[in-house]
Amino acid sequence: MKVVTSAALLLLGASLLAAAPDFVREVEPILKKNCTGCHGAAVQTSGLRLDRSTDALRGGYSGPAIQPGNAAASKLIQLVEAGKMPPAGKKLAAAEVGILKAWITAGAKFPAETGPVRSQQRTSHWSFQPIRRPAEPVVGNAAWSRNAIDRFVLARLEKERIQPSPEAEKTALLRRLSLDLTGLPPTPAEMEDFLTDTTSGAYERAVERLLHSPHYGEKWARHWLDLARYADSDGYEKDSPRPWAWRYRHWVIDALNKDMGFDRFTIEQLAGDLLPNPTPDQKAAVGFYRNSLTNREGGVDTEEFRIAQVKDRASTVGTTWLGLSVGCAECHDHKYDPISQREFYSLFAFFNQLMDHDVEAPLPGELGPWLAARPGYEASRQAMFASYGGPELMREWRAKLLRAADQPGNNDPIQFAWKYVGNLTNGLQPVLRLEESQRPREQHEQLVDYFIDRAGDVFSKEELALRNWQSLRKEWAALEASAPKITMAQSVRQSFSPRKSHILMRGDFRSPGVEVLPGTMAALPPMKGEANRLNLARWLVSRENPLSARVTVNRVWQEYFGRGLVFTSEDFGARGEKPSHPELLDWLSAEFMESGWRFKHLHRLIVTSSTYRQSSKARHDLKEKDPDNQLLARQTRLRLPAEAIRDSALAAAGLLTPTIGGPGVRPPQPKGVTELSYANSVKWPESDGPDRYRRGLYIFFQRTVPYPQLMTFDSPDAVQACSRRQRSTTPLQALNLLNDPVFLEAAQSLGVRLLREAPPSFDERMKLAFRLCLGRDPKPKEAEAMGRYYQKELAALQANPEEARYLHPQTVAQAAPSEGGAWTVMARVLLNLDEFIHRE
Amino acid sequence: MNPTRRGFFQKCAGGLWAAALAERLGAEGMMARQPHFPAKARNVIFMFMEGGPSQLDLFDPKPGLSKWAGKPLPPEFIKFYESKLAFAQPDAGVLPSPRTFKQWGQCGTEMSDWIPHTAARADDICLIRSMHTDAFNHHPGQLLLFSGSMQFGRPSVGAWVTYGLGSESQDLPGFVVLASGRGTSGGVTNWTNGFLPSLYQGTVFRNSGDPILYLSNPGQLSRQTQRTTLDALKELNEQHMEETGELDISSRIASYELAFRMQTAAPGLLDFSKETTATRESYGIDDKTTRSFGTNCLLARRMVERGVRFVMLAHASWDDHTELNKKLKENCDMTDKPVGALLADLKQRGLLDSTLVVWCGEFGRTPMVEHRLGRNPDQGGRDHHPFAYSLWMAGGGIKGGQVVGKTDEFCMRAEEDPIHVHDVQATMLHCLGFDHTRLTYRHLGRDFRLTDIHGNVVKKLLA
C-alpha cells in the first residue's frame, strides 16, 4: 500500500513537473500562428504537416521534426530556438518555445484524428480525368466530313458560323503530304502520277505509299529524338563523342517504320533490358536513358553528375509521357500541379538503379561473321596480355584502386586514378569492384582496354618500362584495329548492388532527406505490381493512364497543324493551356489506344480528314475571329524544320543520299565553328562522298558546337526533352540559305539538272525548276519575272566569265558557262523562296 | 504567346502588333523598348574571363599569407574544404602571391603589378572582393553565372537583356559574342536564348573566316549577282504573299533585306582604318600579344556605338592549375592593356555612363597550392575556389573608385558584404532599369527570371 502510494505520488509529481500543455488550448494556437501556414492542411512545405498526429510525427522530407519525449533532440525545437523557423524573421517568444518543449517532453500528444490520414490527392484538372471516347457530334454539312475528326471540327465551326476552307490545290496537297509524312518533297514523277490519277482513292493511295516509305520512319524519328534529347556527344565541357549513340536512333527509325505500337515502343525504351532474354534491339532501345548529358570535366564529383543524370531521366519521362513539368518538383513540391517533391524522388528511385552498360548490338548480317572470328581474336588477346604479365599487373592495379576508393579524403595520384575510371569510362567503376569471373564479358574487355591505356595513372614510367608496356600498347592497337567488327549500343542494366534513394533537400545531392521507394504519383491511377521500371513503363501505357495517350496524340496533331489541340504540348498541368477541342482530343486518344497504339493509324486518320486537306490560304473573315487558327477553318502554312530544309534542297538538286539509318555524318561547315569548342578539342572530319549528302537527322550532333544550319533553323539543343520547336524568322537564316557552301552546291547541281533534264528552252527549264522545288508549275507572272532576272543575270555573267565559271563549274554539253551560271542563280533564288522553306 | 510577355510588350512598346512582330521578325522585332524604370545603362560589355582568374594574384592582396607559406591551413579551414575541392588536397601548403600590390588612382584601390592598365582606371572601377558562387566545376559555374541556374535550358543574361530592351541597331544583331584564346567550357550555353525566342540568342563573331557565319557572298559571287538574287527573291515572295494573303511572308522579305544590310555593316564594323593610330596603339591592335583581345575590345566599343545591346567578350582560359606564374602573366599580358584602353576610350567618348562593364570569371582560385607537374614552386597552381573571389564592374549606374566586401585573412570566405552571383545579376538588371523579379517569361507554366528565386540588388555598388 505504502509502496503504491509513493509510486502514485511520484507519478503525480512527474506530471506536475512536465505540466503537459493542452494541445487545443495552448499548443495549436502557436502552431497556427507560426507554422501551419506552410506546414498545414493546404500546403506542406518540405513535406511537413504539423496539424495532425500521423503526418507531424512522420516528419518532412528531411526526416522527423518531433521526437516525442525528447524536446532537445527534436528538429522543431532546434530550429525555433535558433531563430531559423519561422523563416520570415518573427521569432517565437521564450514562453511559446517553453510550451512546445513541454508538450514534446510529455509525448507530443495530438487529439484523435478524424477522416482519412492522407487525403486522396486526386485532382479535378481536366487532363487527369479518365479518357472516355465521346460520341461524335451531328453536323449540318455531313458531305464535308470524311471522318470523326471532321465532325468534331465542323461542329465547332458551325457553332461559330464559320465555313471550312475548300480543299487545297492538288499540287499543294501532295507536297504537304510528302513533307509531313516523310520530310521530303515529292519528285516530279510522283507529282505527275498524282495529278493524272483521276480515279477515286488517288489521295488515299498516295497516303499509303508515303506511310510505307522508309523515309516515314526518318521523319517521325526526328520528332521523337527531340523528346529523347538525342545527341552524338556527352555535353558539358569535354563533350566527348559518343561513337555508338546512333544505334539508338537507328532503333527508333526502324521501330517507327515497322509501326511498333506505342505501348511496346515505350516499354522497350524504358525497360527493354528487363524483358526476358532481351534482344540486341531491346538493349539498344534503352539507350533512351543514355542520352542524358555526361560530365567528364576533371575534378567533378561523379556522384553529383550521376544524380544529375537520374534527375534528367525522371524529368524527361515526365515531359515525354505525362506532359508534366515533373522536374519542377526536384527542389520543392510543384507549385501548380499535384507532384510533391517526395513523388519526384519516387519517380527518380526507378532510375536510380540504372548503370551504364555498353553492349554488342549487331545489325542484321553482322553477327555470323563476328561469332566466327571471335574465338581466334579472344585467344590472341589473352595470349598477348599474358605475355606482358598483364593479368597480374591488372590485379595489383585493381587492388590499389579499390584501396584508394575505400579510403577517400587523401587526394593522392591513385585516388585520381580511381576518379578517372568513373570519369572516363561508361560505368566501369562498379565493374572493377567485381571479381574477374563475375564481370560481364563485354565490360571485362572494356576494362582491360582501359587498363592498358591508363596503367600510367597508377604505375610509374619505370615500372611500366620494365614490362615493355609501350610495345604492348602498340601491339594491342594493331590487334584492336584488326578485331572483328560489330555494332555496339549504349545500353543500361540494373546496378550490381541496389542503391537507396532519398529526397534531396533543395535538390542538392549532398543533402539527403528521408528515404523513398519507387512509386508513381497519387494524383494518377495506381501502378500495378512490384514497383520496378518494367511496371512503370506498363503503367505509362495502360488504358487507365489519362496522360500518355493525350500527350502523344496532341504532339502528332501539332506537327500537322502547327499547334496542338493543347497549345502547350509540353505542359498538360494547371498552368498549361486548355484544349481547343477537348472532345476531339479524347476521341483521338481513345482511338489511338484501341488501335493498339498504332501511329500509322493515327497519321492516316489525320491526313485523310477534310480538316487536314483544306487550303492554307489566309482568310479575311478569320483575321479577327481566329487569328491563331485554333478553330481549324483552314490549314496552316508551316515553316519546315531545319532538317527538312536541308533535305529538300538536296533532293531538289538531285544530291540527296537516301540511305536509311547508320552512323552520323559531318557535312562541311566553317572552321570557326569547332574553334569555339572547349580548348578547340572537337574534331570535325568532313564526310566524303555520298555521306556529305545524307539527311539532316544524320548530322553528327555535337552538343557544345552543334551544326550551325540546324541551330539557325531552331533545332533543339539536346539538353532537355523538347516537345515543341520554335519557328523563327531571322536574318541569320537568310545568310545561311544564301551563302552556306552546302546550299550553293545545291543551287549549282540544281542548275545543272535543269540543263540536263529539261528540254532546252527557258520555259521548260523554269517549269522543271518550279516542279522540283515547289511541286508546281510557275504562274505566268512568276515566269515573266524569272525571265527578266534570268536575262539580266545572263548578260552580267557574259561580261564576267570568271564568275560564270565559279557559279557553274561543271561542263554541260551545249551550255555556255554564262548560261549555266545564270541557271545556278535562278536555282539559288528558288531555294531561298519563302515558299520553298514552307509547306502550304 | 503567353499573357505575361504580351503584357510586358504592351506596356513597353507598340502593343500587340509589336509583340507579334517580335515573335516573328528578325531584327525588326528587336526594336528598342523601355525598361521598368529610367536607368543610366543602355548597353553591356561583359568580359568573361573563363576558367577562374586568381583573385589572390590580381585583386585581393593577402600579405599575411607569407608567414604560412608551404604550411597547411589551420584545421578548421581544412575541414571546411573537405570534399569541396576539385583537385587540390585540403591540407596542401599555402601559396602566398609573389605579386606586388600598390594603391591606384584617387581612391587608392590596391591591385596587382600585372594589371597596371586596368589598375590605372581604378577610379572608374567598383571592385568586389567578396564574391561567392555555388559551383566548383567550370560548366556548372558558367551556367550559374550566365543563366542563374545550374540546370540547363535557361536563357543567358545577354538573352534576357536583349529580350527586355530590344536592340538599337538596325543592321547588327542585338547580342554579340566575341571570343579569344580557346573555346570556353560552357560553349553555346553561355549565350543561349534558352526558352526565350531564338531571336535573343547571342550571335558569335568569329575570329577566323566570316565574322558572322555565312556573312560573305560565297567565293567569287559578285555583289551584283547577290543584288539580282535578292531582287528576284523579293519580287517572287511578294507575289506569293499576294496570292496567299499570308502577311508573315513580309517578315521573311524583311529578314533578307536585313541580311543584306548586315553584309555591308559588319565589314564596316571590322574596318579599323578610320581609328587613329593612338587608338590602335592603346588597344594593342598591332602587337601580337594583345591583338586578339584588343581587337575584340575595340570591336566592343564600335558595336556599342552602333547600338548593339549586349557584347560578351570571352577569353579562355584562366584555369591555372599549374604554372600559375607563367600562365597568369600570359593572360594578363594579352588582356590588361586592351581592358584599360576600352575603359578609357568609352569614358573619353562619353559612352561609359551608358555602358555597364563587367569583368569576372565563374569562380576564383584557392590560397593553397596545387601540384600536378612536380614540387618545383614555378610549376604550382591553384585550384577552383567558389567561396571567395573578385569581380569588378564599371560604368552605367555603378559607383566607381571603391572596393566592396572583404575576405578573411586566407581569402577563404567572404567575410564582409558577401555578394552572390545572383546579386550581381540583380544589380546588372537594376542598372539597366529592370526589377529583376519582374523581368519574367512564362515557360512550363512558371514565370522564370534570370535570378531564379534569389538575388538582391546591392545598393553599395550603385552610383
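The values are calculated or read from the model by the stated rules, or taken from the named source; none is laboratory data. In this text the structure is predicted, and so the values were computed from the model without any measurement. Neighbour counts are summed over all protein chains in view; Cβ atoms, including those assigned to glycine, are modelled from backbone coordinates with ideal geometry.
Condition check ((1) surrounded by fewer than 19 Cβ atoms within 10 Å (Cβ to Cβ); (2) touching a helix residue (DSSP H, G or I) at 6+ places or on another chain (Cβ under 7 Å); (3) of a type in the set (D, E, K, R)) across all residues:
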residue: B:330; (1), (2), (3): yes, no, yes
residue: B:339; (1), (2), (3): no, yes, no
residue: B:348; (1), (2), (3): yes, no, no
residue: B:354; (1), (2), (3): yes, no, no
residue: B:396; (1), (2), (3): no, yes, no
residue: B:401; (1), (2), (3): yes, yes, no
residue: B:409; (1), (2), (3): yes, yes, yes
residue: B:423; (1), (2), (3): no, no, yes
residue: B:430; (1), (2), (3): no, no, no
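Only one entry of A:526, A:582 meets the criterion of being surrounded by fewer than 21 Cβ atoms within 10 Å (Cβ to Cβ) and closer than 29 Å to residue A:159 by Cα, and that entry is A:582.
Can you name the residue in the range A:399-437 that is under 27 Å from residue A:241 (Cα atoms) and of a type in the set (D, E, K, R) and, of all such residues, is nearest to the other protein chains (Cβ to nearest Cβ)?
The extreme case among them is A:419.
Out of the range A:162-205, which residues are in a loop (DSSP other than H, G, I, E, B) and not hydroxyl-bearing (Ser, Thr, Tyr)?
Hits for the range A:162-205 are A:162, A:163, A:164, A:166, A:168, A:169, A:183, A:184, A:185, A:186, A:197, A:201.
Within the range B:248-284, track down each residue that is in contact with a Ser or Thr (Cβ under 6 Å, 6 or more places away or on another chain) and in contact (Cβ under 8 Å) with a residue 24 or more places away in the chain. Listed by number, the residues that qualify are B:251, B:255, B:284. Has the range B:169-183 got at least one residue that is at pLDDT 90 or above, more than 9 Å from chain A (Cβ to nearest Cβ) and surrounded by fewer than 21 Cβ atoms within 10 Å (Cβ to Cβ)? No; the residues of the range B:169-183 include none that is at pLDDT 90 or above, more than 9 Å from chain A (Cβ to nearest Cβ) and surrounded by fewer than 21 Cβ atoms within 10 Å (Cβ to Cβ). Of all residues in the range A:447-481, those that are closer than 14 Å to residue A:387 by Cα and either among the small types (Gly, Ala, Ser) or not in a helix (DSSP H, G or I) (or both) total 3. The residue of the range B:273-296 that is nearest to the other protein chains (Cβ to nearest Cβ), among those that are under 23 Å from the mean Cα position of the chain (by Cα) and among the hydrophobic types (A, V, I, L, M, F, W, C), is B:293.
Here is a yes/no grid of residues against (1) hydrophobic (A, V, I, L, M, F, W, C); (2) in contact with a Cys (Cβ under 9 Å, 6 or more places away or on another chain); (3) under 30 Å from residue A:538 (Cβ atoms); (4) not in a helix (DSSP H, G or I):
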{"site": "A:209", "(1), (2), (3), (4)": "no, no, no, no"}
{"site": "A:229", "(1), (2), (3), (4)": "no, yes, yes, yes"}
{"site": "A:253", "(1), (2), (3), (4)": "yes, no, yes, no"}
{"site": "A:272", "(1), (2), (3), (4)": "no, no, yes, no"}
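In the condition set (1) among the aliphatic types (A, V, I, L, M); (2) more than 19 Å from the chain's Cα centre (by Cα); (3) more than 20 Å from residue B:317 (Cβ to Cβ); (4) surrounded by fewer than 24 Cβ atoms within 10 Å (Cβ to Cβ), residue B:344 is compliant with all but (2). Does residue A:443 qualify as being crowded, with 16+ Cβ neighbours inside 10 Å, assigned to a helix (DSSP H, G or I) and free of Cβ contacts under 8 Å to residues at least 12 places away in the same chain? No: the conditions fail for residue A:443. Within the range B:207-222, the set of residues being without any contact (Cβ under 8 Å) to a residue 24 or more places away in the chain and either surrounded by fewer than 21 Cβ atoms within 10 Å (Cβ to Cβ) or among the aromatic types (Phe, Trp, Tyr) (or both) comprises B:208, B:209, B:210, B:214, B:218, B:219, B:220, B:222.
Any residue that is among the small types (Gly, Ala, Ser) and surrounded by fewer than 19 Cβ atoms within 10 Å (Cβ to Cβ) - is there at least one of those in the range A:720-737?
no
Residues that are in a helix (DSSP H, G or I) and under 21 Å from residue A:582 (Cβ atoms) were ranked within the range A:599-654; the one that is nearest to the other protein chains (Cβ to nearest Cβ) is A:625. All of (1) within 13 Å of chain B (Cβ to nearest Cβ); (2) surrounded by fewer than 22 Cβ atoms within 10 Å (Cβ to Cβ); (3) small (Gly, Ala, Ser); (4) free of Cβ contacts under 8 Å to residues at least 60 places away in the same chain hold for residue A:318 with one exception: (2).
Taking the residues in the range A:675-689 that are in a loop (DSSP other than H, G, I, E, B) and small (Gly, Ala, Ser) as candidates, determine which candidate is surrounded by the most Cβ atoms within 10 Å (Cβ to Cβ).
This residue is A:677.
Evaluated against (1) among the small types (Gly, Ala, Ser); (2) at pLDDT below 95; (3) assigned to a helix (DSSP H, G or I), residue A:314 falls short on exactly one condition, (2).
Checking each residue in the range A:713-731 for being more than 7 Å from chain B (Cβ to nearest Cβ) and closer than 24 Å to residue B:234 by Cα picks out A:713, A:727.
β-branched (Val, Ile, Thr) and touching a Leu at 6+ places or on another chain (Cβ under 6 Å) - does that describe any residue in the range A:470-489?
Within the range A:470-489, one or more residues are β-branched (Val, Ile, Thr) and touching a Leu at 6+ places or on another chain (Cβ under 6 Å).
Scanning the range A:791-829 for residues that are under 46 Å from the mean Cα position of the chain (by Cα), within 13 Å of another protein chain (Cβ to nearest Cβ) and touching a residue at least 24 places away in the same chain (Cβ under 8 Å) yields A:807, A:808, A:809, A:821, A:822, A:823, A:824, A:825, A:826, A:827, A:828, A:829. Checked against the criterion of being farther than 30 Å from residue A:616 by Cβ, of a type in the set (A, V, I, L, M, F, W, C) and either at the interface with chain A (Cβ under 7 Å from one of its Cβ atoms) or not in a loop (DSSP other than H, G, I, E, B) (or both), the candidates B:230, B:258, B:215, B:236 yield just one match: B:215. Tally time: how many residues in the range B:184-202 are at the interface with chain A (Cβ under 7 Å from one of its Cβ atoms), hydroxyl-bearing (Ser, Thr, Tyr), outside any loop (DSSP other than H, G, I, E, B) and touching a Gly at 6+ places or on another chain (Cβ under 9 Å)? Counting residues in the range B:184-202 that are at the interface with chain A (Cβ under 7 Å from one of its Cβ atoms), hydroxyl-bearing (Ser, Thr, Tyr), outside any loop (DSSP other than H, G, I, E, B) and touching a Gly at 6+ places or on another chain (Cβ under 9 Å) gives 0.
Considering the range A:156-186, and only residues there that are surrounded by fewer than 20 Cβ atoms within 10 Å (Cβ to Cβ) and without any contact (Cβ under 8 Å) to a residue 40 or more places away in the chain, the residue that is farthest from residue A:134 (Cα to Cα) turns out to be A:170.
A residue that is within 24 Å of residue B:175 (Cα to Cα) and without any contact (Cβ under 8 Å) to a residue 24 or more places away in the chain occurs nowhere in the range B:306-315.
Residues checked against (1) more than 16 Å from residue B:202 (Cα to Cα); (2) modelled with pLDDT of 95 or more; (3) β-branched (Val, Ile, Thr):
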| site | (1), (2), (3) |
| --- | --- |
| A:702 | yes, yes, no |
| A:710 | no, yes, no |
| A:716 | no, no, no |
| A:719 | yes, no, yes |
| A:724 | yes, no, no |
| A:727 | yes, no, no |
| A:731 | no, no, no |
| A:737 | yes, yes, no |
| A:740 | yes, yes, no |
